[in-house]
Amino acid sequence: MSTTLHSEIMNDLLKLAVESGASDIVVKSNKPGYLRLGGRLRPVEMDPISHEHADAWVTEHVPAVFRTNWEKDGQCDFAYAATEVGRFRVNGFHQRGTVSIVFRHIKSRPPTFEELKIESEVLIKLSQSKDGILLICGATGSGKSSTMAAMMNWINQNMDKHIVTIEDPIEYTFSDDKSVFQQREIGIDVPSFEMAIKSVLRQNPDIILIGEMRDKETFETAISAAETGHLVFSTMHAATVAQSLTRLFEFFPPEQIAQARRQIAGSLRGFICQKLIPAMEGGGRFAAHEILVADTTVRNLILEGQNDKIQQLLESSGDSMSKSFNKDLYRLIKEGKISKADGLRFSPNPPALEMNLKGIFFKT
């Protein structure tokens, strides 16, 4: 098989994706490529990509350190740079005996809040925390990494910090401005996630970015870092603040829950949960946020195990920087940025949002 042929096929597809503004590219053997545009998957008018071409592409481009994963486990994650096209996060895997590949386009320059069309006041306030843990949460494809990158970008432009990132793989590359970045990619710069986590506190960071809060050991390291004066950013797969809190406590066995409450209440600075909602006009999407800022009231509720009251706090109409998804969906609908139908579709509590739109709000 011609090496040039399968590389040309894939690079042409990736170039089309970037020119079209696609966030993701899905390749399934013996099917045409698919692009995710505005959250929707669209087929590309092209000849099917054979299993042989897909397999040859991964075999050629997977870094040597991940080759064993590909050959033994049948799946691998790595970064790929297509000349004059861009960088991509790649997941290759087998399904029903054939090869599939999913690409995520990684922008070469970290985004700004303005480019992401998100309200920045609370995010900037949280970015200035001197220590603690900040978690950006949402489903896959909800823009968590972009929002976290925008916060890092703001810090880089406005604060003199030493920032160490642990990523698998690196998503956005930062050029030092006022801050100094050390970006460590698992498998390339450090053999394992566990080793990177264990060594990060010896690298004199002010801020630590952990690509994903994946297990108890990672979270305990984050708590340890927060308790010793570091600010830790990370992402987590959880749809709402309530789910996020539940996920954190699931890291701990029952006998450690009381201690976990004290540690989480002391170290948590906030949750930023995000969904992307189709724009009313002109395509694209707007981010809706549910934000919990861990003030004294929130910390006390966590200490007392009254997580259910936190949702009531988010829904209340006080002056707190915290807000529920419904509050932000209400704003986006009223500003004409998203449709009422989409707001209700993405709302975790559509009947309550319907009441809000009629002028009825819950007060604590």
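A few notes on this one:
- Odd one out for Cys137 among (1) out of contact with any Leu (no Cβ under 9 Å at 6 or more places or on another chain); (2) farther than 23 Å from Ser322 by Cα; (3) modelled with pLDDT of 95 or more: (2)
- Residue that is surrounded by the fewest Cβ atoms within 10 Å (Cβ to Cβ), among those in region 281-304 that are of a type in the set (Asp, Glu) and closer than 24 Å to Leu353 by Cβ: Glu281
- In region 157-177, the condition of being more than 24 Å from Phe271 (Cβ to Cβ) and in a strand (DSSP E or B) is met by at least one residue.
- Residues of region 10-30 satisfying the condition of being under 20 Å from Thr98 (Cβ atoms) and surrounded by fewer than 14 Cβ atoms within 10 Å (Cβ to Cβ): Asn30
- In region 243-264, the residues that are among the small types (Gly, Ala, Ser) and in contact with a Gly (Cβ under 9 Å, 6 or more places away or on another chain): Ala258
- One residue stands out in region 172-195 among those that are of a type in the set (Gly, Ala, Ser) and within 24 Å of Ser108 (Cα to Cα): the one that is modelled with the highest pLDDT, namely Ser179.
- So His230, is it of a type outside the set (D, E, K, R) and surrounded by fewer than 19 Cβ atoms within 10 Å (Cβ to Cβ): no
- Selection from region 91-101 of residues that are under 20 Å from Val18 (Cα atoms) and either aromatic (Phe, Trp, Tyr) or buried (at least 20 other Cβ atoms within 10 Å of the Cβ) (or both): Gly92, Ser100, Ile101
- Region 123-182: number of residues that are surrounded by fewer than 18 Cβ atoms within 10 Å (Cβ to Cβ) and among the β-branched types (Val, Ile, Thr): 4
- In region 316-327, the residues that are under 17 Å from Ala288 (Cα atoms) and surrounded by 17 or more Cβ atoms within 10 Å (Cβ to Cβ) reach residues that are at pLDDT 80 or above and of a type in the set (D, E, K, R) with C-beta atoms within less than 8 angstrom, at least six apart or across chains, in these pairs: Ser322/Asp295; Lys323/Glu290; Ser324/Glu290; Ser324/Glu315; Phe325/Lys275; Phe325/Glu290; Asn326/Glu315; Lys327/Glu315.
- Subset of region 153-182 (residues that are within 15 Å of the chain's Cα centre (by Cα), of a type in the set (D, E, K, R) and over 19 Å from Phe113 (Cβ atoms)): Glu167, Asp168
- Pick from region 65-88, criterion among the acidic types (Asp, Glu) and loosely packed, with under 15 Cβ neighbours inside 10 Å, ranking: farthest from the chain's Cα centre (by Cα): Glu71
- Restricting region 212-236 to residues that are among the acidic types (Asp, Glu) and under 13 Å from Ala196 (Cβ atoms) leaves a set whose member that is modelled with the highest pLDDT is Glu212.
- Filter result for the condition that a residue is closer than 24 Å to Ile186 by Cβ, in contact (Cβ under 8 Å) with a residue 12 or more places away in the chain and not assigned by TED's automatic domain parsing to the domain that holds Glu171, over His53, His94: His94
- For region 132-159, the set of residues classified as over 23 Å from Ser175 (Cα atoms) and either out of contact with any Ser or Thr (no Cβ under 7 Å at 6 or more places or on another chain) or not β-branched (Val, Ile, Thr) (or both) consists of Gly132, Leu135, Cys137, Gly138, Ala139, Thr140, Gly141, Ser142, listed by residue number.
The values are calculated or read from the model by the stated rules, or taken from the named source; none is laboratory data. These numbers were taken from a predicted model, which means no experiment stands behind them. Counting neighbours? That spans all protein chains shown, and the Cβs are built from the backbone with ideal geometry, glycine included.
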